[in-house]
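The values are calculated or read from the model by the stated rules, or taken from the named source; none is laboratory data. As the structure is a computational prediction, the values presented were derived from the model and not from experiment. Cβ coordinates were reconstructed from backbone atoms using ideal geometry, including for glycine residues, and neighbour counts include every protein chain displayed. Protein only, heavy atoms only, side chains kept; ligands, DNA and RNA dropped before computing areas. Shrake-Rupley method; radii C 1.70, N 1.55, O 1.52, S 1.80 Å.
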Amino acid sequence: MNTSDTTPLPDLTPAARAVTGLLEAIGDERLGDPTPCPEYAVRELLAHVDGLCLAFRDAARKDLGPATDTSPDARLPVLEDGWRARIPVRLNELAESWGRPEAWQGMTRAGGVDLPGDIAGRVALNELVIHGWDLARATGQDYDPGEASAAVSYEIVRPTGDDSLRDGIFGPPVAVPDDASLLDRVVGFSGRRPDWRPGG
């Protein structure tokens, strides 16, 4: 793991690998299945993951342009042909790009929003953790992005008393049991039910 001064930087590799591991088991017959994101079926969720990998990869590289300037809410994402080969490559590129210390320095842009690289990298990791969970739950697969990844997500999604920071990004927090896992707490704070099942 890279370090800045003495503080370890988050490593996106475990979460990227966890998401990659889900893709092979997703048959074409699952693409229309529902997901915990009400507006997305599996195909739109995959398209969103594809797009966020590209956007946050370019954000890490400070390669600002259409991929980093477009809001993810601009339109419903469309899954393009070749996704089975393309998404794993982009996931790997995303993790490698944020593995460079300079990615975390200075300012960058993602989703049309200018933000410090240190924040952008954590948001990218959170996107992997949350949407990996979405994809796993929608397709009935086990999922473990790693405790360190979940800890970074927890700091992103937990309510801080200023709900304006959450508006339009996360739904209202969902209560979870006191003994819930860290990942379940992250999922609940993101506005999802940890016990969500297709059709449930």
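A straight chain from A180 to E96 at 0.36 nm per residue would run longer than the Cα-Cα distance by 27.1 nm. Three semi-axes describe the equivalent ellipsoid of the chain; taken as square roots of 5 times the Cα gyration tensor eigenvalues and ordered largest first, they are 24, 21, 16 Å. Judged by the ratio a/c of the largest to the smallest principal axis of the C-alpha gyration tensor, the stretch 62-137 counts as prolate, that ratio being 1.5 or greater while a/b is larger than b/c. Within the chain, the whole DSSP H helices whose Cα atoms reach 18 Å or more along their own axis and whose mean Kyte-Doolittle score is at least 0.0 are 42-61, 117-139.
If the chain between R61 and Q141 were fully stretched, how many nm would it gain, using 0.36 nm times the residue separation less the Cα-Cα distance?
Between R61 and Q141, full extension yields an extra 25.6 nm.
Per residue, the accessible area of the chain comes to 51 Å² when a 1.4 Å probe rolls over the protein heavy atoms.
Can you send over the carbon and sulfur percentage of the accessible area for the stretch 75-193, probe radius 1.4 Å, protein chains only?
Working: 3050 of 5960 Å².
C and S fraction of accessible area: 51 percent.
The slack in the chain from V113 to D33, taken as 0.36 nm per residue of separation less the alpha-carbon distance, amounts to 25.7 nm.
Modelled this way, with points 7 Å down the Cα-to-C-beta line, the labels at D73 and Y154 are 2.8 nm from one another.
Between rounded, prolate and oblate, where does the stretch 82-200 land on the alpha carbon gyration tensor, with a ≥ b ≥ c its root eigenvalues, rounded for a/c under 1.5, else prolate if a/b exceeds b/c? Before the final figure, lay out each step's value.
On the way: a/c = 1.87, a/b = 1.22, b/c = 1.53.
Because a/c hits 1.5 or more and a/b fails to exceed b/c, the stretch 82-200 counts as oblate.
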